[in-house]
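Report on the structure given below.
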Amino acid sequence: MFDVAADKYAWRDCETNVYDFSPDGALVATTFAEGLGPTHIDIRDARSGTTVAGAAGGTISSWAWEDDTHLLAVQIRDDGSTALLRISADGVTTVLDGFHADDPAVAVPLVLPAS
């Protein structure tokens, strides 16, 4: 993460390639997306890079900031079910669990808009 005002890197990470800042810029969602998609997503402090929360398992198909401190993520589990997760420094809450689409042509029954 490059700090423009200081003209130097605040922190570096070679294990992620997607960065999505919270609305106030204090946090950043990071993941590594390749192939079928990311299998984890972390929330980090934008200044230090310290991981404050995260979720892993299945495929994380989409995510969006709910507010300055909460990230919503759609998780496609290995059994094909879909879960909606709410991730924050307080932990991970499963908002919707085990959802399946009635239509087999619908691969992911829930998609969040890009933040």
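According to the square roots a ≥ b ≥ c of the eigenvalues of the Cα gyration tensor, what is the shape class of the stretch 1-74, taking rounded for a/c under 1.5, prolate for a/b larger than b/c otherwise, and oblate for the remainder?
Numbers: a/c = 2.30, a/b = 1.46, b/c = 1.57.
Oblate.
So if I place +1 on the C-beta of Lys and Arg and -1 on the C-beta of Asp and Glu, and nothing else carries charge, what would the dipole magnitude of the stretch 1-112 be about its Cα centre? I want it in debye, nearest 20. Provide the component values of the computation, followed by the final result.
Working: 6 positive and 18 negative charges, 46 e Å.
For the stretch 1-112, the charge dipole is close to 220 debye.
If you take every residue apart from THR39 with its C-beta less than 13 Å away from the C-beta of THR39, what net charge results, scoring Lys and Arg +1 and Asp and Glu -1? Working shown, then result.
Numbers: positive: ARG77; negative: GLU15, GLU34, ASP42, ASP78.
Charge balance near THR39 sits at -3.
Could you pull out every residue, at least 5 positions away or on a different chain, whose amide H is within less than 5 Å of the one on ALA33? Hs are placed 1.01 Å off N in the peptide plane, and Pro or chain starts have none.
So ALA33 has HN proximity to ASN17, VAL18.
SER81 label point, 7 Å along Cα→Cβ, cut-off 16 Å on backbone N: hits in the stretch 48-65?
Output list for this probe position: 57-59.
Please list 71-79, 30-38, 14-22 highest first by mean number of surrounding beta-carbon atoms within 10 Å per residue.
Output ranking for 71-79, 30-38, 14-22: 71-79, 30-38, 14-22.
Can you list the HN-Hα couplings for the stretch 45-61, worked out from phi with the Karplus curve (6.51, -1.76, 1.60; θ = phi - 60°), rounded to whole Hz and with x for Gly and Pro?
So the J values, rounded to whole Hz, are 5, 5, 7, 9, x, 5, 6, 10, 6, x, 9, 9, x, x, 10, 8, 8.
Grab the Cα-Cα distance for ASP24 and THR51, subtract it from 0.36 nm times how many residues apart they are, and report the gain in nm with one decimal.
Working: separation 27, 0.36 × 27 = 9.72 nm, distance 1.72 nm.
In short, 8.0 nm is gained.
How much length is gained if the chain between TRP11 and ASP90 is pulled fully straight, taking 0.36 nm per residue apart and subtracting their Cα-Cα distance, in nm to one decimal?
Numbers: separation 79, 0.36 × 79 = 28.44 nm, distance 2.36 nm.
Here the segment from TRP11 to ASP90 would lengthen by 26.1 nm.
Relative contact order, percent, of the stretch 2-99 when contacts are C-alpha pairs under 8 Å separated by at least 6 residues?
On the way: 219 pairs, mean separation 17.3, N = 98.
Computed value for the stretch 2-99: 18 percent relative contact order.
Lys and Arg at +1, Asp and Glu at -1: add these up for the other residues within a Cβ distance under 13 Å of VAL18 and post the number.
Working: positive: ARG44; negative: ASP13, GLU15, ASP20, GLU34, ASP42.
Result for the neighbourhood of VAL18: -4.
Count the net charge of all other residues whose Cβ sits under 13 Å from the Cβ of ASP97, scoring Lys and Arg as +1 and Asp and Glu as -1. If you can, show how the numbers build up before the last one.
On the way: positive: ARG77, ARG86; negative: ASP79.
So the environment of ASP97 carries a net charge of +1.
Here, each number is a calculation from the coordinates, and none is a lab measurement. Values in this document were obtained by computation on a predicted structure and should not be read as measured data. Here Cβ is always computed from backbone atoms with ideal geometry, including for glycine, and neighbour counts include all displayed protein chains.
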